[in-house]
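J.: One structure coming up, written as structure tokens, with questions to follow.
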Ligand SMILES: Nc1ncnc2c1ncn2[C@@H]1O[C@H](COP(=O)(O)OP(=O)(O)OP(=O)(O)O)[C@@H](O)[C@H]1O
């Protein structure tokens, strides 16, 4: 599902650099990423999703080298192939929770917003415990509820790759386990792979593999 080779990246505004010689994620594989704060975990997810562009190297996702796509192509590729749960949720305040969940359909011509998609959105929201809050806007939702909206949005298109950046971070322990159950259940149904950044070490046994990110850190002067 993902092949990363000789990847290097550096933010122009800071001296932070990331170098990943090789990383593979198999189809349907579930891998957790752990590592110290600031070690570049979010940066790698953003590179894989084509939100950031590498300095050098190859990032192949589902047979497509994301770095070679134009901006528009990347956005479409991301919306049709990847479900991304962002660390800061990235919800749009002017849309209701339901509209946020269905947002990928608004921006992706390849996706058709039909009755099945609407039903999926409702079912996901109910499974996440926000079924009665779909008409509220994000500003009227708690952090944990906003996080669930973001999770539903990432799953509603049944993507082949789920990238999750601390998707369970703001939840109580019982909700964490339930949301991870849902994420894995949806991944199984869609035949999706999961790459999840987490600081929740108690969740790690649920993953097939754990990648410790400390190894990829490149010093500021490297
Ligand atoms: N847009 C940006 N411009 C410049 N530097 C950035 C930017 N985003 C992040 N950084 C820097 O890059 C480094 C890696 O950030 P990143 O968010 O990838 O870390 P992380 O491992 O996901 O951290 P955390 O666990 O705290 O979320 C940090 O030192 C951060 O300050």
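The values are calculated or read from the model by the stated rules, or taken from the named source; none is laboratory data. Owing to the predicted nature of the structure, the values given are computational and were not obtained by experimental measurement. Backbone-built Cβ (ideal geometry, glycine too); neighbour counts: all protein chains shown.
J.: When you check residue 190 against the structure, is it within 22 Å of residue 100 (Cα to Cα) and within 16 Å of the ligand (Cβ to nearest atom), yes or no?
T.: Judged against the criteria, residue 190 is not a match.
J.: Against the conditions (1) within 25 Å of residue 42 (Cβ to Cβ); (2) modelled with pLDDT of 95 or more, where does residue 121 fall short? Just the number, please.
T.: So residue 121 meets the others, but not (1).
J.: Right, here's the next one. From (1) within 14 Å of the ligand (Cβ to nearest atom); (2) farther than 25 Å from residue 199 by Cβ, pick out the condition that doesn't hold for residue 48.
T.: (2)
J.: For segment 13-30, give me each residue that is near the ligand (Cβ under 8 Å from one of its atoms) and under 24 Å from residue 201 (Cα atoms).
T.: 18
J.: Would you call residue 33 modelled with pLDDT of 95 or more and away from the ligand (no atom under 16 Å from the Cβ)?
T.: Taking the combined requirement at face value, the residue does not satisfy it.
J.: So, one more: Quick one: residue 178 ticks every box in (1) surrounded by fewer than 23 Cβ atoms within 10 Å (Cβ to Cβ); (2) more than 27 Å from residue 39 (Cα to Cα); (3) touching a helix residue (DSSP H, G or I) at 6+ places or on another chain (Cβ under 7 Å) bar one, so which box is it?
T.: (3)
J.: Restricting the search to segment 91-112, which residues are surrounded by 15 or more Cβ atoms within 10 Å (Cβ to Cβ) and within 27 Å of residue 66 (Cα to Cα)?
T.: Matches in segment 91-112: 91, 100, 101, 102, 103, 104, 105, 108, 111.
J.: Has segment 58-72 got at least one residue that is within 16 Å of the ligand (Cβ to nearest atom) and farther than 22 Å from residue 180 by Cα?
T.: Scanning segment 58-72, I find at least one residue that is within 16 Å of the ligand (Cβ to nearest atom) and farther than 22 Å from residue 180 by Cα, so the answer is yes.
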